[in-house]
Amino acid sequence: MTLDVIKTGSKGNSYILKDETFLLLEAGVSLSTVKKHIDFQLEKVEGMLVTHEHLDHFKYVKQYADAGITVCSAKETFTEYHHCYRHVNFNTVNNLGAYKFIPFRVLHDARNPFGFFINHKNCGNVAFITDVKKCFTKFENLDYIIVEANYCDIIIEKNVRSNVIKPFLHNRIINSHMSINETVEWILTNDLKNVKKIFLIHLSDKNSNAEEFVAKVKKATGIECIAPESGSFEINKNPF
């Protein structure tokens, strides 16, 4: 089984869990782009999970719904849309074919943002968390973590002083996204004994350093960590 990272960051987000069937995560890139990554096998797509309504995660959602894909998110995410999407509620177990998932609330500047706890027999338990200032949920028996590490405090403060970013953007970022230190702090609140790999996503183009972020997570957890911009990565429950 694989996690395919199609795109991650403020310019668009799209991920795929791929086994015999597929689960799409986020609608921040076009359906035509995703089709190429699944060899145009739309019939194998079990559904799509969307965390919130910001366009880098939601922009192309209508394309997926029009193609007959079940799109799941909070009711508030779809306020401006009239297609028949599937609303999911906090802390309830849901099924999309071979994939089970539980939505959990996070803090972000969106209507009702969620993270998702996902289970599949071949990858085990996966926590998917992006665009979040705070995650209130702690997990046991995780196999993989996919989590945002958006910025570094030192880098973003330097960028404000150098006028690389404006103060209003700085304020928005630090109040709606997790820094690498906050990400590490949250990771360490979880049961990590079975975690095989940690994926860092949604790194800021200007306010992050992927190599340093990965090293910090590895040092804090002792677990393999990567910060992929794109690519396909094995996520097997029993990789050895």
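The values are calculated or read from the model by the stated rules, or taken from the named source; none is laboratory data. As the structure is a prediction and not an experimental result, all values here were calculated from the model. Backbone-built Cβ (ideal geometry, glycine too); neighbour counts: all protein chains shown.
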- Task: Taking Val29 as the residue in question, decide whether it is at pLDDT 95 or above, part of a loop (DSSP other than H, G, I, E, B), closer than 29 Å to Arg172 by Cβ and touching a Phe, Trp or Tyr at 6+ places or on another chain (Cβ under 7 Å).
- Result: yes
- Would you list the helices (runs of 4 or more DSSP H) that sit entirely within segment 121-240 and hold 2 or more residues that are among the aliphatic types (A, V, I, L, M) and touching a residue at least 40 places away in the same chain (Cβ under 8 Å)? 153-161
- Message: Being in contact (Cβ under 8 Å) with a residue 12 or more places away in the chain, in a helix (DSSP H, G or I) and hydroxyl-bearing (Ser, Thr, Tyr): is that true of Thr77 here?
- Response: yes
- Item | Odd one out for Phe40, checked against (1) of a type in the set (A, V, I, L, M, F, W, C); (2) at pLDDT 95 or above; (3) at negative phi; (4) part of a loop (DSSP other than H, G, I, E, B) | (3)
- Message: Among the residues that make up segment 83-106, is at least one of them in contact with a Pro (Cβ under 8 Å, 6 or more places away or on another chain), in a strand (DSSP E or B) and within 19 Å of Leu200 (Cβ to Cβ)?
- Response: yes
- Can we say Ala74 is of a type in the set (A, V, I, L, M) and over 16 Å from the mean Cα position of the chain (by Cα)? no
- Message: For the structure I just gave you, tell me whether Glu157 is surrounded by fewer than 17 Cβ atoms within 10 Å (Cβ to Cβ) and closer than 27 Å to Phe116 by Cα.
- Response: no
- Search result, residues across segment 29-47 that are among the aliphatic types (A, V, I, L, M) and closer than 22 Å to Leu203 by Cα: Val29, Val34
- Residue match in segment 6-20 (condition: within 29 Å of Tyr151 (Cα to Cα), aromatic (Phe, Trp, Tyr) and surrounded by 14 or more Cβ atoms within 10 Å (Cβ to Cβ)): yes
- Message: If I filter segment 23-38 for residues that are touching a residue at least 60 places away in the same chain (Cβ under 8 Å) and not charged (D, E, K, R), do I get at least one hit?
- Response: yes
